[in-house]
Amino acid sequence: MTVMLRGYQDALDPAVSALDRGELVAFPTETVYGLGADGLNPDAVHRIFLVKGRPQDNPLILHVASLEEAWKLCREVPEAARVLAERFWPGPLTMVLPAAHHIPSVVTAGLDTVGIRVPSHPIALKLLRSFAGPIAAPSANRSGRPSPTTALDVLEDLEGQIPYIIDGGSCDVGVESTILSIPDQGSLQLLRPGRIAVQEMEDALQAAGLPATIQRPRSKYDLPELDADEAPQAPGMKYRHYAPRAQVLLLPEAPSEQIEAILDVLSHLKAHRRLGVYVSDRVASRLPKNPALEILTFTCENAGEAAAHGLFHSFRTFDRLNCDQILVAPIAGDGIATAYMNRLLKASSQPRSSGNDAKV
Ligand code: TXA
Ligand code: MG
């Protein structure tokens, strides 16, 4: 049975005891919910892969409560990592750093680097402080499903398989952390776009007088493709990610074209089929009422933040509503908008090479 824990400090005691026993606990972070295990207990970490149905060559992030604890997990700490940690931790940034020798290889998938993050969510920090050790945690979804951004999303995927879910409400950011690779030598590389933009990180490095160039993916919203037998450097490089059961398609950019496209798909919809659309509130207000149409919206103000916050949850909601197809509005811009487009294109069934051109 899976128990939902609510509230703060007292409620965390059973979760901490479960982690001590080598069991798994789902907990909220500011990005998405994590599926946590004692990061230094190989058997506990192994359980994460079993419960998620996750391929074992995909490494996990270690979460800690402070910078001091983070550095204990590293063989050495590049100066750039110290600067970025001071600026962005606690927060939605994961740094891939040279791994200390005591980190179990089940965490790193045998690599000599480890992903580390100090989350800023108060419940995550309280859990980490009470547990007093690194917690290994991927997103708390079944492998291949959209990352969970509410406790109920976690329950939907993992009910009966883990003893506790700590309910911290809806995650603020809604997409996973930015991942930056910082090798001891060589150039810094963005492995996954997130809430922390490349430009912000470059600015922080420059202000500290360090070399400030971060290698970006070849195409703006995507990550380089790898050969199937190469170890993945970041999620989505090799495995299908973030996908709801329904087919996801990208709408055109202009609001009037979005409406036209939605009406067109609606008019060709076969009997008993349902269409989900995820658009701005402004576009939604111009759509007709139709029993085959399910509409979820984000506000036009701060559209990037708002759209990212609700994206994965809208995928899951459309699945629950038995939608066969989902049409989603693109968002232009840098930072969180890039992260949103990256997740959206990975979830969509469109050929990635055609990127933004592949529209409804
Ligand atoms: O926001 C987040 O990062 C969330 C919350 C729970 O912290 N976690 C998360 O974990 O998204 P996950 O496992 O779903 O994605 C982390 C990805 C892994 O899939 C892996 O590809 C990459 O980080 N990663 C971890 N360690 C790495 C390493 N040593 N080298 C390269 N990539 C690594
Ligand atoms: Mg994940």
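The values are calculated or read from the model by the stated rules, or taken from the named source; none is laboratory data. The shown structure was predicted, so the numbers you read here are calculated from the model rather than taken from an experiment. We place every Cβ from the backbone using ideal geometry, glycine too, and count neighbours over all the protein chains shown. Heavy atoms of the whole protein, side chains included, go into the accessibility calculation; ligands, DNA and RNA do not. Shrake-Rupley method; radii C 1.70, N 1.55, O 1.52, S 1.80 Å.
Solvent-accessible area per residue in region 110-173 equals 32 Å², computed with a 1.4 angstrom probe and all protein chains kept. Binning the alpha carbon pair distances of region 1-49 at 10 angstrom intervals from zero yields the distribution 25, 55, 20, expressed in whole percent.
Only Cα pairs under 8 Å and 6+ residues apart enter the sum, and on that basis the relative contact order of region 85-161 stands at 24 percent. Here the Debye sum runs over all C-alpha atoms of region 106-201 as equal scatterers in vacuum, and log10 of I(q)/I(0) at q = 0.11, 0.16, 0.23, 0.24 Å⁻¹ comes out as -0.41, -0.88, -1.47, -1.50. Shape of region 1-140 from the C-alpha gyration tensor: oblate (a/c of 1.5 or more and a/b not above b/c, with a ≥ b ≥ c the square roots of its eigenvalues).
Residues in region 243-293 average 57 Å² of solvent-accessible surface per residue, probe 1.4 Å, ligands and nucleic acids excluded.
Placing one equal scatterer on every Cα of region 22-63 and applying the Debye formula, the log10 ratio I(q)/I(0) at q = 0.23 Å⁻¹ is -0.79. Straight-line cross-link reach from Lys270 at under 14 Å between alpha-carbon atoms covers these aspartates and glutamates, not counting any fewer than eight positions away in the same chain: Asp324. In terms of packing, defined here as the mean over residues of other Cβ atoms within 10 angstrom, the peptides 79-88, 338-347, 279-288 line up highest first as 338-347, 79-88, 279-288. At q = 0.06, 0.07, 0.09, 0.15 Å⁻¹ the log10 of I(q)/I(0) for the chain amounts to -0.22, -0.29, -0.49, -1.30, computed by Debye summation with a single uniform scatterer per C-alpha, solvent ignored. Sorted on the mean count of surrounding Cβ atoms within 10 Å across their residues, most packed first, peptides 22-32, 90-100, 198-208, 150-160 read 22-32, 90-100, 150-160, 198-208. Solvent-accessible area assigned to carbon and sulfur over region 81-187 amounts to 47 percent, based on a 1.4 Å probe.
Ranked by the mean number of other Cβ atoms within 10 Å of their residues, highest first, the peptides 261-274, 123-136 fall in the order 123-136, 261-274. With all protein chains in place and a 1.4 Å probe, the accessible surface of region 1-66 carries 52 percent carbon and sulfur. Pairs from the table (Lys72/Lys346; Lys289/Lys346; Lys72/Lys126) lying more than 28 angstrom apart at Cα are Lys72/Lys346; Lys289/Lys346. The helix-based estimate of mean residue ellipticity at 222 nm for the chain, built from -39,500 (n - 2.57) per DSSP H run of four or more residues and divided by its residue count, is -9500 deg cm²/dmol to the nearest 500.
Accessible surface area normalised per residue over region 33-107 is 37 Å², counting heavy atoms of protein chains with a 1.4 Å rolling probe.
In this structure Cys74 has an accessible area near 20 Å², from a 1.4 Å probe over the protein heavy atoms.
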